[in-house]
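The values are calculated or read from the model by the stated rules, or taken from the named source; none is laboratory data. If you're wondering where the values come from, they're calculated on a predicted model, not measured in any experiment. No Cβ is skipped: glycine too gets one built from the backbone with ideal geometry, and neighbour counts run over all protein chains shown. Heavy atoms of the whole protein, side chains included, go into the accessibility calculation; ligands, DNA and RNA do not. Shrake-Rupley method; radii C 1.70, N 1.55, O 1.52, S 1.80 Å.
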Amino acid sequence: MEKTPIQFFISLIIVLGRVVICHTEISRSDFPDGFFFGTSTSAYQACVLTVLSLVSRWIEGAVSEGGKGVNNWDVFTHIQGNIASGDNGDVADNHYHVYKDDVEMMHSLGVNSYRFSISWARILPRGRFGDINPYGIEFYNNLIDELLLKGIAPFATLNHFDIPQELEERYGSWLSSLIQDDFAYFAEICFRSFGDRVKYWMTINEPNVYVKFGYLKGQYPPGRCSSPFGNCTYGDSETEPIIATHNLILSHLKASSIYKIRYQPKQGGYIGIALNCPMYIPMTDTEMDRQAAKRAMAFDVAWYLDPLMLGDYPSEVRNCLGNQLPKFSKAEMNMLKDSLDFIGVNHYITLYAKDCIHSACDLGGSHAIEGFVYTSGERNGIPIGERTGISRFFVVPDGLEKIIGYLKARYNNKPMFVTENGISSLDQTTEDSKRIEYHKSYLAALAQAIREGADVRGYFVWSLMDNFEWIYGYSMRFGLHHVDYHTMKRTPRLSAIWYKNFLTNDIQTDQSVSKNPTKDHNFHVTKTNATLSSSF
Ligand code: BGC
């Protein structure tokens, strides 16, 4: 039910009252100087503009507004049945047209950073096989300049699930090693065009999620899988995830090497990757389930980060997949170890892990590709934390502290950013006290991890505003700002007001939102053979 302005005002006063009381629990001064506080979005979810009628004939090289090419999600969402609600990202939040207002909205929140992604098909409508789109370059130049004007540091992701559809059609995208050169080509254009101002790069967003949903379950494009993992026309869930993972890792390596050799020395920025980092805890206090939790962590996290940090796939994954797992060459191994300056931690999930090697798992988890682990948010019918809009996302704040501890221990306390954290609901209202509690509790857990010595340098709320939530369409809302999809009006939720207060209520805040945020970092960059890497 709509609230009258007076009712809205009264609830606002109540929440602000609570915020004042809670301010002693967690405040900005619990975090180090120069800490980045921001919000995140991605191109397809917030920005895209695709002219519907052209999607069906993308094969002719159709482009949409601003010269953007058709991408994999444009095509996938227009195939009936792929997105239950029938929604698509054709217009999304219309951010493309109102980016200046959106930057002002961030400015009024008091954030000092913003994580967004660059639409590959807007820069290269046909990948390597066509021209650079000057309007795409112009759009991101304008966005970056506007952010800097408002004292907001741009954190750019090169690939957040969307690729030019041409690459899918030509060679099967991530299933082919050809994609590595396409990605490197795109990345270099971005470093060359924007790297004078963008100092924080993430090559790929959540390759682990993309592989799971694109090639194991078939719920994201290219919609490939095999039974019993999903119901697809094409694909092989037992082998393709392994191939796609390998190509994603080597694509990261190519882009990162180009940055480190050709751009980092003169541009002085940093490059990382953003991984979905769930936390798994043993279902029972038995050695079998403790090992299962370790395997679950390895399959979700270390499968990607071990190569990038330690140069090879983890033994936990190799023990399950054996020779199916490809090998890196010696040269690749050496370069891989130096390919990350920081780890981007997207954290939403903490689940129980149950062993499926020694016991039967009827509900899933009995295959090698799953690490012989069954994962669930429930134990004996009791949920691990409060439920949220998405069934496997529960509220478990110390899951964040634990995953940061895991990464710190396994990767020698590499600098980290929490590049995504947030809670969804199907709720249309702007009164989201649950979201406020969520962020407060996760920030408290993060502050604790930092006190214990973890090198975490930033926290980005997912999301600045409601947007296209992949298979859930527009029904699932993650925003600090509510979006009315008919008028595109953004309305701050109570959580936006809380975040603003959190960010601006103490003196440090104003100092850390400097006019030149990119100078605030304190990475120490050391020269190695041919590349640069950060240490601490
Ligand atoms: C993705 C976002 C997504 C969010 C919430 C992350 O997996 O990077 O694109 O909206 O989770 O589901």
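Screening region 417-453 for residues that are within 16 Å of the ligand (Cβ to nearest atom) and hydrophobic (A, V, I, L, M, F, W, C) and picking the one that is most open to solvent (accessible area, probe 1.4 Å) gives 426. Among the residues making up region 105-152, those that are surrounded by 18 or more Cβ atoms within 10 Å (Cβ to Cβ) and among the polar types (S, T, N, Q) are 112, 113, 117, 119, 133.
Of all the numbered requirements in (1) in a loop (DSSP other than H, G, I, E, B); (2) open to solvent by less than 30 Å² (accessible area, probe 1.4 Å); (3) closer than 21 Å to residue 71 by Cβ, residue 234 misses one, and that requirement is (2).
Note on region 91-196: enclosed helices (runs of 4 or more DSSP H) holding 3 or more residues that are under 30 Å from residue 241 (Cβ atoms) are 120-123, 165-171, 178-194.
Tell me, yes or no, whether region 377-393 has at least one residue that is among the basic types (Lys, Arg) and within 16 Å of the ligand (Cβ to nearest atom). Yes, region 377-393 has at least one match.
Tell me the residue from 208, 159 that is closer than 16 Å to residue 121 by Cα and within 16 Å of the ligand (Cβ to nearest atom), please.
Step by step, each of 208, 159 is checked, and only 159 is closer than 16 Å to residue 121 by Cα and within 16 Å of the ligand (Cβ to nearest atom).
The conditions of being of a type in the set (D, E, K, R), within 16 Å of the ligand (Cβ to nearest atom), open to solvent by 10 Å² or more (accessible area, probe 1.4 Å) and modelled with pLDDT of 95 or more are not met by residue 199. Annotation: of all residues in region 214-231 being assigned to a helix (DSSP H, G or I) and free of Cβ contacts under 8 Å to residues at least 60 places away in the same chain, the one that is surrounded by the fewest Cβ atoms within 10 Å (Cβ to Cβ) is 214. For region 343-350, the criterion of being open to solvent by less than 30 Å² (accessible area, probe 1.4 Å) and more than 16 Å from the ligand (Cβ to nearest atom) is met by no residue. Taking region 331-448 as the region of interest, the strands (runs of 3 or more DSSP E) fully inside it that hold 3 or more residues being under 23 Å from residue 463 (Cβ atoms) are 342-346, 416-421.
Applying the criterion of at least 1 residues that are at pLDDT 50 or above and crowded, with 19+ Cβ neighbours inside 10 Å to the strands (runs of 3 or more DSSP E) found wholly in region 464-536 leaves 481-483, 490-492. Annotation: residue 155 fulfils all but one of (1) over 20 Å from the mean Cα position of the chain (by Cα); (2) open to solvent by less than 30 Å² (accessible area, probe 1.4 Å); (3) under 30 Å from residue 109 (Cα atoms); the unmet one is (1).
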